[in-house]
Structure formats: structure tokens, C-alpha cells
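Nothing in this text is a laboratory measurement; each read-out follows from the coordinates by a stated rule. Remember, predicted model here, so these are calculated numbers, not experimental data. All Cβ positions, glycine included, derive from the backbone under ideal geometry; neighbour counts span all protein chains shown.
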Amino acid sequence: MADTQKLVFMVLHGPDHPEHATIPFVMGCAALASDIEVVLGFQADGVELVRVGVADGIQAPGFPPFAKLLRDFRELGGSLLVCAPCMNSRGITAADLIEGTEIVAAGRFVAEITSATNSLVY
Amino acid sequence: MPATITESELEAITADKVVDARGAACPGPLLEAKKGMGTVPVGAIIEIWSSDPVTKSDIGAWSAKVGHAFLGVLVADGYERVLVRRQK
């Protein structure tokens, strides 16, 4: 990265809220394109977004397809952290997640947020 | 390049690369600009075509953030031509 700035976006909405699910990826891609490190943290229903096969069915009006944004985000080097307890409560296992995700717990989220330039919750 | 570059001066520029992002919604044009910038040498000029009127301000902010030179905008038929010089 060209500088040390980092943004953390906490994603709490799932496929039932396409716009809330999509906007953090829009913001994340724009930040990555601006040489800023980006972490997307998935909690609550947000963990559904990184299940295999879910992305293709999400389309918020006026935005690029969610699946394309997810692909762009990964290609640009963004990090995808997924809340372990949120997965457990929904019966989601590691095998259900897309490639490139990392399963974490609260301590890791706290470390990412406290080391970030700024954090936003969607 | 000074911020006061005139439209005729912009018209006289031949871009080293044209990025056609017409029809793409935010952040598509920005991501295409980022990709395009990575394919040209420092000092080269890229021209982003976009039908989204917000693109020019987005590319302007992005250029300032990452250190490229935003040269200006030309209005075309149904889209805008945003010119940026790679600075680093």
C-alpha cells in the first residue's frame, strides 16, 4: 500500500437488504482503488453474503451486480473477515464460505477496528 | 498541468489510453480508471469515457487522493471524457 490508511466496514445486512449489502462493497472498492487498505467484517445476517452461491442472486437497483463487486473487491486485495459465532448460530460452516474469507472472533474485529483510520457500520 | 487548462487545450490532447466505462454504475468507472492507469507509464494520459455524470467528481477526488493530475472534462454525445495524467 502506498500509505498506512485503513478502513473497516462492518456489514450486518444480508441478501434480504441488497442496498445495505452492496454499498460497503462499493465503498470498499473505491477505497482500495485509492490505495487504502480495506477490511470488510461480516456479522449478524451479513455472514450470509459470503456463502457460496449467494452473491449471484443479489442486485441492488442502480448499483453494479453484487457478484461483480465482490470479485472486484477480492482482485483489489481487500480482506473478508467473517464472525464465527454468527456463522455458528446460522448453521454455516467453513466449507460453506467463498474462497478468500477468514473466520474470526471478536478479538480480531476489535484489533482491526482499533488499528483503522476509520470504521463504518452498514 | 495547471487547473486552468482550457477546453481547447483539452481538445488538443491525444490520450495514451482510452477507458470506455460507459454504462457502468459507481464505482465501475473509477475501478476501470484504476486498471487503465496501471497499464500506462508515468506521464501518460488516460481518458475515461463515462455516461455517469458523477464520474468526473469521483475521478477528480480519486486523482487528488492518489496523486495523479486531473486535467479536466470534455462533453461528448451522451457521455463525458475525463482526462487524467499519471503522476507516479
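Data overview
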read-out: Test: residue in region B:14-21 that is within 14 Å of chain A (Cβ to nearest Cβ) and crowded, with 16+ Cβ neighbours inside 10 Å; value: yes
read-out: Number of positions in region A:35-72 that are within 14 Å of chain B (Cβ to nearest Cβ), more than 17 Å from A:L120 (Cα to Cα) and surrounded by 20 or more Cβ atoms within 10 Å (Cβ to Cβ); value: 6
read-out: Of all residues making up region B:41-76, the number that are under 18 Å from B:A15 (Cα atoms) and among the acidic types (D, E); value: 1
read-out: Some residue of region A:88-107 being of a type in the set (A, V, I, L, M, F, W, C), part of a strand (DSSP E or B), in contact with a Lys or Arg (Cβ under 8 Å, 6 or more places away or on another chain) and closer than 17 Å to A:A33 by Cα; value: no
read-out: Residues being surrounded by 15 or more Cβ atoms within 10 Å (Cβ to Cβ) and under 23 Å from A:P61 (Cα atoms) - total across region B:34-75; value: 8
read-out: Search result, residues across region B:22-68 that are more than 10 Å from every other protein chain (Cβ to nearest Cβ), under 12 Å from the mean Cα position of the chain (by Cα) and not small (G, A, S); value: B:P29, B:I45, B:I46, B:E47, B:I48, B:W49, B:T55, B:K56, B:I59, B:H68
read-out: A:E19 vs. criteria on the phi < 0 side of the Ramachandran plot, more than 13 Å from the chain's Cα centre (by Cα) and part of a helix (DSSP H, G or I); value: yes
read-out: Which numbered condition A:V82 fails, given (1) under 27 Å from B:D52 (Cα atoms); (2) outside any helix (DSSP H, G or I); value: (1)
read-out: Whichever residue in region B:1-51 is among the acidic types (D, E) and touching a residue at least 40 places away in the same chain (Cβ under 8 Å) and, among such residues, is farthest from A:K68 (Cα to Cα); value: B:E7
read-out: Candidates A:V39, A:V47 - the one that is touching a Cys at 6+ places or on another chain (Cβ under 9 Å) and either touching a residue at least 40 places away in the same chain (Cβ under 8 Å) or in a strand (DSSP E or B) (or both); value: A:V47
read-out: Boolean, A:G91 is touching a residue at least 12 places away in the same chain (Cβ under 8 Å), out of contact with any Ser or Thr (no Cβ under 9 Å at 6 or more places or on another chain) and surrounded by fewer than 16 Cβ atoms within 10 Å (Cβ to Cβ); value: no
